[in-house]
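Undergrad: Got a structure for you, written out below as structure tokens; questions coming shortly.
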Amino acid sequence: MPIRERVLMGPGPSNPYPEVMQALARPVVGHLDPDFLAILDETCDRLRSVFRTSNALTLPISGTGSAGMEAAFVNVVGPGDSVVIGVNGLFGERMCDVASRCGAEVVRVDEEWGRAIDPQRLLSAHPAPKVIAVLHAETSTGVANDVEPLGEGKGDALLLVDCVTSLGGIQVEVDAWGIDIAYSGTQKCLGVPPGLAPLTVSDRARQRFVERSQSWYLDLSMISDYVGAARRYHHTAPISMVYALHAGLGTLLAEGLDASWARHEATGRALQRGLEKLGFRLFAEEDHRLPELTTAWLPPGLDDADARRTLLNHYGIEVGGGVGEFAGKMWRIGCMGHTARPGNVTLLLGALEELLAP
């Protein structure tokens, strides 16, 4: 059965940029072919531009955003290390799980889902943590957490930031904000299919790598040799996905980061205003709402499963449901990457108006 074309407006993949689809059709060469290695090097350079960093160790990890999360933790966290983690959603919980599997002493700083975490609470949670970790954009709730104050007050700690849903969609400043380790995913605001996890690591963090990572596959001490001048083989890179990321980053940089941030802001806020007019109540606290991922309570009388099924099958629009205790009560609507266009907002709002008509 063929898969139908859809407008992807969920928390997961966004619609790829057209240039990305063309890149995926390029002939596949070997993972050590000089032509591919040149594209890989240029992809790493483009990632530095998008992360706003000069970090030498900046590369796409072969795996989705969760692989980026795991790579970030297993290379700097070992048994007994104190790790402060902000938890105001599902992916903060996942951070705690990953850190605990490294043997860390996890210090949770919990906040109500839908609310941002006070940076001072993270800075005061432990007198001398090895790592302070937080989600810049919490995908489960549509909340943006403040990162810049953490870099200013981190002291000797390493600052580890999840940028899966923020990179390319809202301002990310790795060097200026004092971020030591940041990772993302290709399928959100970068407008590329899922399969790679962009990651950047400061020299300061590299000096504090654990002696032996608990993961062979995600051991950055070895992976760094594959993307560096030495070119020592580590694993078979996903050639076509690197092509796609190279193209997606090129499209983003050609548009300009400021322009992309402004486009995401304009379309996301238009969506939020339109939803409120239709009777949806926005979930995330007002001053910390992401423009690229909107969370909203369903209006009375709108059945979650029924409505999303109708949107998918009748209108070709895919939106995401709530998670955990919010399943069936809330939607998570993405407006990311190539999907962040006024026409898609108009299409969704018009479909919803028809669904809600008496």
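Throughout, read-outs are computed from the coordinates displayed, never taken from laboratory work. Everything quoted here is computed from the prediction, not taken from an experiment. When we count neighbours, we look across all protein chains shown, and the Cβ atoms used for this are built from the backbone with ideal geometry, even at glycine.
Undergrad: Which value, in debye to the nearest 20, describes the size of the charge dipole of the stretch 18-255 about its Cα centre when Lys and Arg Cβ atoms bear +1, Asp and Glu Cβ atoms bear -1, and nothing else is charged?
TA: Taking the Cα centre of the stretch 18-255 as origin, the dipole is about 380 debye.
Undergrad: Per residue of the chain, what 222 nm ellipticity follows from adding -39500 (n - 2.57) for every DSSP H run with n ≥ 4, rounded to the nearest 500?
TA: Per the formula, -11000 deg cm²/dmol.
Undergrad: Same structure again: From Cα pairs below 8 angstrom and at least 6 apart in sequence, can you work out the relative contact order of the chain, rounded to a whole percent?
TA: 25 percent
Undergrad: Also: Based on DSSP loop calls and a cut-off of at most 13 other Cβ atoms within 10 Å, the longest stretch of the chain free of exposed GluC sites (Glu not before Pro) is what?
TA: 212-358
Undergrad: Related question: Which residues among the stretch 82-121 fall inside the zone where the amide N is under 14 Å from a point 7 Å beyond the Cα of S215, along Cα→Cβ?
TA: It comes to 94-103, nothing else.
Undergrad: Quick one: grab the alpha carbon gyration tensor of the stretch 18-255, order the square roots of its eigenvalues as a ≥ b ≥ c, and give me rounded if a/c is under 1.5, else prolate or oblate depending on whether a/b is larger than b/c.
TA: In terms of gyration-tensor shape, prolate.
Undergrad: Another question, if that's okay. Length gain on complete extension for the stretch D225 to D156, per 0.36 nm per residue less the alpha carbon to alpha carbon distance?
TA: Contour length minus Cα-Cα distance gives 22.1 nm.
Undergrad: Let me ask you something else. Give, in nm to one decimal, the length gained when the segment between A176 and R269 is fully stretched (0.36 nm per residue of separation minus the Cα-Cα distance).
TA: Extending this stretch completely gives an extra 30.8 nm.
Undergrad: Taking the Cα centre of each part, how many Å lie between the stretch 149-209 and the stretch 23-66?
TA: Their Cα centres are 16 Å away from one another.
Undergrad: Give, in nm to one decimal, the length gained when the segment between D33 and E93 is fully stretched (0.36 nm per residue of separation minus the Cα-Cα distance).
TA: Answer, rounded to one decimal: 17.6 nm.
Undergrad: Let me ask you something else. Among V210, V28, what is the fewest-to-most ranking by other Cβ atoms within 10 Å?
TA: So the residues, fewest neighbours to most, are V28, V210.
Undergrad: For K188, go through the lysines and keep the ones whose alpha-carbon is under 25 Å away, minus same-chain ones fewer than eight residues off.
TA: Within the straight-line cut-off, K188 pairs with K329.
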